[in-house]
Amino acid sequence: MRHSANLVVVAIVLAGTACTRPTAGRDPAATASVAAAAASGAVIRSVAAWASPPQLARILEAANVRRDKSPIVWVPGTGYVTGAPDVLATIGQPLAAAKVRNRLVEPCRTSVLAEASKLGAIDVEAAPVGAEQRDPTGRLFASVEMRITYKVPGGYELRRATLTCIADHKGRIVDAYS
């Protein structure tokens, strides 16, 4: 299980390598974790519940012209947010979910949150990309889209990745990769 957990973290980190600015240091005091946010009484809101920044399209267009791979935008009621332009464009919108049977969405989200919270993640949203399937050994596997919110100095960072999650016969996530 330890090996699988490391693969999940590697998948999320690799998916976010398009960001040009470094994230917060790995010092636990420098980043907020799910436990710290819960202990402080902070309410963690989904990115889909955030207000869409005014003139977001113009900001992202200007970032594209400048070839800025990680622009910073002001989100009313939230603060400064950075991330890849395609991820920032999803602020205020739920992840698109395929209308298929995929029982791995929540277990995969929980596994990713457990590992990503060690790196400062405060929220992970997940949505099915495709239907679950069985491999020849009987394990379930399915694609799940993730949107991860990290608390960084001065605001938040958004990352997005599509992972293939694999569960054993008991429904426990044993592997995930991008």
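From the residues in region 62-71 that are in contact with a helix residue (DSSP H, G or I) (Cβ under 8 Å, 6 or more places away or on another chain) and not in a loop (DSSP other than H, G, I, E, B), which one is surrounded by the fewest Cβ atoms within 10 Å (Cβ to Cβ)?
Of everything passing the filter in region 62-71, 64 is surrounded by the fewest Cβ atoms within 10 Å (Cβ to Cβ).
Has region 123-133 got any residue that is in contact (Cβ under 8 Å) with a residue 24 or more places away in the chain, crowded, with 19+ Cβ neighbours inside 10 Å and in a loop (DSSP other than H, G, I, E, B)?
Yes; the residues of region 123-133 include at least one that is in contact (Cβ under 8 Å) with a residue 24 or more places away in the chain, crowded, with 19+ Cβ neighbours inside 10 Å and in a loop (DSSP other than H, G, I, E, B).
Out of all the residues in region 160-175, which are surrounded by 23 or more Cβ atoms within 10 Å (Cβ to Cβ) and either farther than 20 Å from residue 117 by Cβ or within 14 Å of the chain's Cα centre (by Cα) (or both)?
The answer is 163, and nothing else.
Among the residues of region 37-68, write down those that are at pLDDT below 85 and under 16 Å from residue 152 (Cβ atoms).
Matches in region 37-68: 37, 42, 44.
Could you figure out which of (1) out of contact with any helix residue (DSSP H, G or I) (no Cβ under 9 Å at 6 or more places or on another chain); (2) surrounded by 20 or more Cβ atoms within 10 Å (Cβ to Cβ) isn't true of residue 107?
Among (1) out of contact with any helix residue (DSSP H, G or I) (no Cβ under 9 Å at 6 or more places or on another chain); (2) surrounded by 20 or more Cβ atoms within 10 Å (Cβ to Cβ), the lone unmet condition for residue 107 is (2).
Could you identify the single residue in 160, 101, 147, 109 that is at pLDDT 95 or above and outside any strand (DSSP E or B)?
109
Tell me, please, whether a residue that is at pLDDT below 50, in contact with a helix residue (DSSP H, G or I) (Cβ under 7 Å, 6 or more places away or on another chain) and small (Gly, Ala, Ser) can be found in region 3-11.
Yes, because at least one residue in region 3-11 is at pLDDT below 50, in contact with a helix residue (DSSP H, G or I) (Cβ under 7 Å, 6 or more places away or on another chain) and small (Gly, Ala, Ser).
Can you tell me which residue among 101, 147, 139 is touching a residue at least 24 places away in the same chain (Cβ under 8 Å), surrounded by 21 or more Cβ atoms within 10 Å (Cβ to Cβ) and of a type in the set (Lys, Arg)?
Being touching a residue at least 24 places away in the same chain (Cβ under 8 Å), surrounded by 21 or more Cβ atoms within 10 Å (Cβ to Cβ) and of a type in the set (Lys, Arg) holds for just one of 101, 147, 139, which is 147.
Of these, 96, 121, 89, 131, which one is under 12 Å from the mean Cα position of the chain (by Cα) and of a type in the set (A, V, I, L, M)?
The match here is 121.
Checking residue 74 against (1) at pLDDT below 95; (2) crowded, with 18+ Cβ neighbours inside 10 Å; (3) out of contact with any helix residue (DSSP H, G or I) (no Cβ under 6 Å at 6 or more places or on another chain); (4) in a strand (DSSP E or B): exactly one of these is not met. Which one?
(2)
Identify the single condition in (1) part of a strand (DSSP E or B); (2) touching a residue at least 40 places away in the same chain (Cβ under 8 Å); (3) touching a Leu at 6+ places or on another chain (Cβ under 9 Å); (4) buried (at least 21 other Cβ atoms within 10 Å of the Cβ) that residue 87 does not satisfy, given that it satisfies every other one.
(1)
Could you please find all residues in region 147-178 being farther than 19 Å from residue 69 by Cα, hydrophobic (A, V, I, L, M, F, W, C) and touching a helix residue (DSSP H, G or I) at 6+ places or on another chain (Cβ under 7 Å)?
Answer for region 147-178, where residues must be farther than 19 Å from residue 69 by Cα, hydrophobic (A, V, I, L, M, F, W, C) and touching a helix residue (DSSP H, G or I) at 6+ places or on another chain (Cβ under 7 Å): 163, 165, 167, 173, 174, 176.
The values are calculated or read from the model by the stated rules, or taken from the named source; none is laboratory data. The structure displayed is predicted, hence computed values, not measured ones. Cβ: placed from backbone, ideal geometry, glycine included. Neighbour counts: every protein chain shown.
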